[in-house]
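Worksheet: the structure to be examined is printed underneath.
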Amino acid sequence: MKSDIAYTRLAIAAARLSSEGKTQKEIADRLRQSQPAVSRLLAYAVEERFLSRGPALLRCNISDEDYHAAEIEHFYSDKLTLTLRNLCRRGIHLEARVIPEALDDFSYQAAGRLVELLPLAHRIGVMWGRTIHQVLEDARARWDALAGLKGWRPKCIPLCGDPIFLMNDLREEHSASRLAARLNQAIDPSRAESLPCLTGVPAYLAASPAGGSNSGWEGFFQRIPGYVRIFGGREASEKPMVDEVDALITGVGIIVEGKEKADKTTGDFIAERLKQEALDKATMSRLFYGDIGGLLIARENLASRDQSLVEYLNAGWTGIREKHLAAVARKAKPMGSPGVIVIAKGAAKARMVAEIIRRGFVNQLVVDASLARALRALAKGGG
């Protein structure tokens, strides 16, 4: 079997294309190889454990040098990563993966990227979300790449509670607690350990009308073992688990004014505030770009009265805070901790995604082609 560097990197490229659902003929056309040659490349990739039989790319078994060399040699017609790094804060690692338009099953392809990244993490945080739910469901067909990896026993925890109005609509399948539990089970079916959850914790609480304070609720949370174990508390005896997170899986939400469509809707955590606070979308759009994992990202140069409202709306959020998001992002390294993994689609989210990149809250970005085009246009225009 050939073992030279060029052949290895060609096999990595073939493995990646296979993990994205490409047929051997499509891989052959893309890499300008014969179909029998592609068959041998894939067999070599499986032998070297670059590729599982799922198939899923096993990036944890590929050196950083070979992986990035294969990217440059075989995939870098789209330089979105390099373009977006011009927006990113110094010292923050950033990579972008674009799901091509020809691959119309976005969530399945995004799941493949997630399976590449997760073996590099030890403590995985999961957020509520429709997109996250679908991606994790689609990843189940590829879990053979994760289950049983030697020496890898990560812990997956939720990092937010549940929006009250969506739970009332029986949307519990999107719950961060449920998604984290399912991910734990998929990775390690034999796990007997019971990990903390946030079931019963509201994602957002409006301040009480009488006193304008959530102090009563804060005391209640201090009596929920899962909340204290994840976020800490006055009587916590262990380091909060949120401080150990090195991979965070999240989507982003935006405010859609006017008529919403199936592929263009207002984010769930924004809708939760709209309902609880009786606000209108025009006000929210004036104040915020959107939310990442429930944390509202405010626009710049707001008047003091507007800034007070921004602080109020984020104060009622019971999940991760900006300090946690920034801490996870700072941990990301090439072929190391994945950091903040953002999965998003739709050109309408470009401004919001560009802003969280600019603030250093994104390390691994998975987007569809329409969002990639919009991001490139924003980056070239100065953001």
Show me the helices (runs of 4 or more DSSP H) entirely contained within region 151-256 in which 2 or more residues are under 30 Å from Val353 (Cβ atoms), modelled with pLDDT of 90 or more and in contact with a Pro (Cβ under 6 Å, 6 or more places away or on another chain). 176-187, 225-231
Check region 323-336 and report whether any residue there is assigned to a loop (DSSP other than H, G, I, E, B), modelled with pLDDT of 95 or more and not β-branched (Val, Ile, Thr). yes
In region 337-364, which residues are part of a strand (DSSP E or B) and closer than 20 Å to Thr266 by Cα? Val342, Ile343, Ala344
Being surrounded by fewer than 17 Cβ atoms within 10 Å (Cβ to Cβ) and touching a residue at least 40 places away in the same chain (Cβ under 8 Å) is the filter; apply it to region 257-276 and report the residue that is farthest from Trp317 (Cα to Cα). Asp263
Taking the conditions exactly as written (surrounded by 14 or more Cβ atoms within 10 Å (Cβ to Cβ), assigned by TED's automatic domain parsing to the domain that holds Met241, of a type in the set (A, V, I, L, M, F, W, C) and in a strand (DSSP E or B)), does Leu296 satisfy them or not? yes
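Condition check ((1) in contact (Cβ under 8 Å) with a residue 12 or more places away in the chain; (2) aromatic (Phe, Trp, Tyr); (3) over 19 Å from Pro119 (Cα atoms)) across all residues:
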site: Ile5; (1), (2), (3): yes, no, yes
site: Ile12; (1), (2), (3): yes, no, no
site: Gln24; (1), (2), (3): yes, no, yes
site: Ser34; (1), (2), (3): no, no, yes
site: Ala37; (1), (2), (3): no, no, yes
site: Arg40; (1), (2), (3): no, no, yes
site: Ala43; (1), (2), (3): no, no, yes
site: Arg49; (1), (2), (3): yes, no, no
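The values are calculated or read from the model by the stated rules, or taken from the named source; none is laboratory data. The model shown is predicted, which means the values in this text are computed figures rather than measured ones. FYI the Cβ positions are ideal-geometry reconstructions off the backbone, even for glycines, and counts take in every protein chain you see.
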